[in-house]
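Derivation of every value follows stated rules applied to the coordinates shown; laboratory data play no part. Computed from a predicted structure; not experimentally measured. All Cβ positions, glycine included, derive from the backbone under ideal geometry; neighbour counts span all protein chains shown.
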Amino acid sequence: MTNPKHIALSSDHAAIDLRQAIAAHIKSLGYQVTDIGPTTNESTDYPKHGQAAAKLVASGDCDLGIILCGTGQGIMMAANKVKGIRCGVCSDTFSARMIRTHNNANMLSIGARVVGEGLALDMVDVFLTTEFEGGRHATRVDMIETH
Ligand code: RB5
């Protein structure tokens, strides 16, 4: 994929502030953002938010997705249940790069209680600007879907 333009965003209540910071950041870079909330700190269930964002990516309505919860783990698990989604949790920029180059991840999950805003924005920048390498990695990625 070259130059992803349309990014799906969602979180649970644990990550509202970081999600909104990411939305503002990537909008300022020119990305189109579909931020499906939530917008209040009221306790909510991460699976429904992860799955809703994942469906936007799986359908092609969005090119890539970024999702967040407290750890990034639960919402990642929910997103990966949607066919066609490859979502990784990252807490470092090396992994944010590698899930694109080797795994062709189409969603990034971040734990708002794990990483600070500066690192999160760096991971987002790396994730959105790194290309899948293809080749032998494409064969392996295909094996994920055809087990
Ligand atoms: C909510 O308290 C928390 O469980 C959730 O944000 C997430 O960390 C789950 O994986």
* **Those trypsin sites (Lys or Arg not before Pro) in the range 83-147 that DSSP places in a loop and that have at most 11 other beta carbons within 10 Å** => Lys83
* Structure fact -> At 37 °C and 0.692 mPa s, the Stokes-Einstein diffusion coefficient in µm²/s for the range 12-97, with hydrodynamic radius from the Kirkwood sum on alpha carbon pairs, is 248
* Under unit Cβ charges (Lys, Arg +1; Asp, Glu -1), what dipole magnitude, rounded to 20 debye, does the range 1-114 have relative to its Cα centre? -> 340
* **Residues whose placed amide H lies under 5 Å from that of Ala105, excluding near-sequence neighbours** => Arg100
* To do: For the range 8-50, just the Cα set please: Rg and Dmax, both in angstrom.
  => 10.4, 31
* Dividing the alpha-carbon Rg of the chain by 2.2 N^0.38 Å yields what? -> 0.95
* Could you work out the helix-only [θ] at 222 nm for the chain, with each DSSP H run of four or more residues adding -39,500 (n - 2.57) and the total divided by the number of residues, to the nearest 500 deg cm²/dmol? -> -13500 deg cm²/dmol
* Which ³J(HN,Hα) values, rounded to whole Hz and listed in residue order, are derived for the range 113-124 from phi using the Karplus coefficients 6.51, -1.76 and 1.60 in 6.51 cos²θ - 1.76 cosθ + 1.60 with θ = phi - 60°, glycine and proline given as x? -> 9, 10, 10, x, 5, x, 5, 4, 5, 5, 4, 4
* Which residues in the range 74-96 have a backbone N closer than 17 Å to a point placed 7 Å from the Cα of Ala138 along the Cα-to-Cβ line? -> none
* Structure fact -> The percentage of Cα-Cα pairs in the range 75-147 separated by more than 20 Å is 30
